[in-house]
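Take a look at the structure set out below.
What follows draws every value from the coordinates through simple rules; no lab data is involved. Note that the coordinates shown come from a computational prediction; the quantities given were computed from them, not determined experimentally. Because the Cβ atoms are built from the backbone with ideal geometry, glycine has one as well, and the counts that use them run over all protein chains shown.
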Amino acid sequence: MNWLDLVAVPLLAKICLVGMFPLSAYDKVVHWDEARAQAATGPLPFPGLILVLGIVVEAVTPVMIVTGWYDRAGAFVLAGFCAVTAVLFHRFWEFPRFWSRDGEGRAHFWDFFKNFGLVGGLLLVVIGGGYAPASEVVRHPLASGPQAAPTQP
């Protein structure tokens, strides 16, 4: 194994997976009033407290994931955050005609499923074992089954 297989590719993948969260935390701090108003649209009480907790989760867990310091715990918490955010704040089903071009809930529809896409990627960090070497992925780029790139324990 070389640095590309063990460090560079997994690090780049983790940065791509969680890179938006610290920016989102910063945006919430800089635009506090707007973020608090959005938090108040959800069904939970104490939107200010909810917002602070969200900022902490979005600022801390990506660092945990990228550095590998309790990365599985960080990924689990962040996956839960994404799932809860989707269910509480992107309730597309509450908007009539959400699927139509001008439907009010169309953006919520896509945000809901993007959040669950992130949940899937984060759960892969939680359950992930060894990485397939980049050279093996190049040799077997289309599958990860038994006929493809073996993973390292």
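Per-residue Karplus couplings for region 34-42, computed as 6.51 cos²θ - 1.76 cosθ + 1.60 with θ equal to phi - 60°, are listed in order as 5, 5, 5, 5, 5, 4, 6, 6, x Hz, Gly and Pro entered as x.
Helical runs assigned H by DSSP (4 residues or longer) give the chain a calculated mean residue ellipticity at 222 nm of -20500 deg cm²/dmol, each run adding -39500 (n - 2.57) before division by the residue total. Normalised by the number of residues in region 26-119, the mean separation of alpha-carbon contacts (under 8 Å, six or more apart) gives a relative contact order of 19 percent. Angle, helix 47-67 long axis vs. longest principal axis of the chain, Cα atoms, 0 to 90°, nearest 10? Orientation of helix 47-67: about 10 degrees from the principal axis. So which chymotrypsin sites (Phe, Trp or Tyr not before Pro) in region 9-69 pass both tests, a DSSP loop state and at most 15 other Cβ atoms within 10 Å of the Cβ? The qualifying sites are 69. When the charge dipole of the chain is built from unit charges on Cβ atoms (+1 for Lys and Arg, -1 for Asp and Glu) and taken about the Cα centre, the candidate among 55, 74, 24 whose Cα reaches farthest toward its positive end is 74. In plain terms, the bigger the Kirkwood radius, the slower the diffusion; for the chain, with that radius from Cα pairs, at 37 °C and 0.692 mPa s, Stokes-Einstein puts D at 189 µm²/s.
The HN-Hα couplings worked out from phi for region 13-24 by the Karplus form 6.51 cos²θ - 1.76 cosθ + 1.60 (θ = phi - 60°) are 4, 5, 4, 5, 5, 10, x, 6, 5, x, 5, 5 Hz, whole numbers, x standing for Gly and Pro. Within the listed set 98, 89, 81, the residue fluctuating most in the Gaussian network model of the chain (springs between alpha-carbon atoms under 10 angstrom) is 98. Here each label is just a point 7 Å from Cα along the line to Cβ, and for residue 12 and residue 32 those points are 4.0 nm apart.
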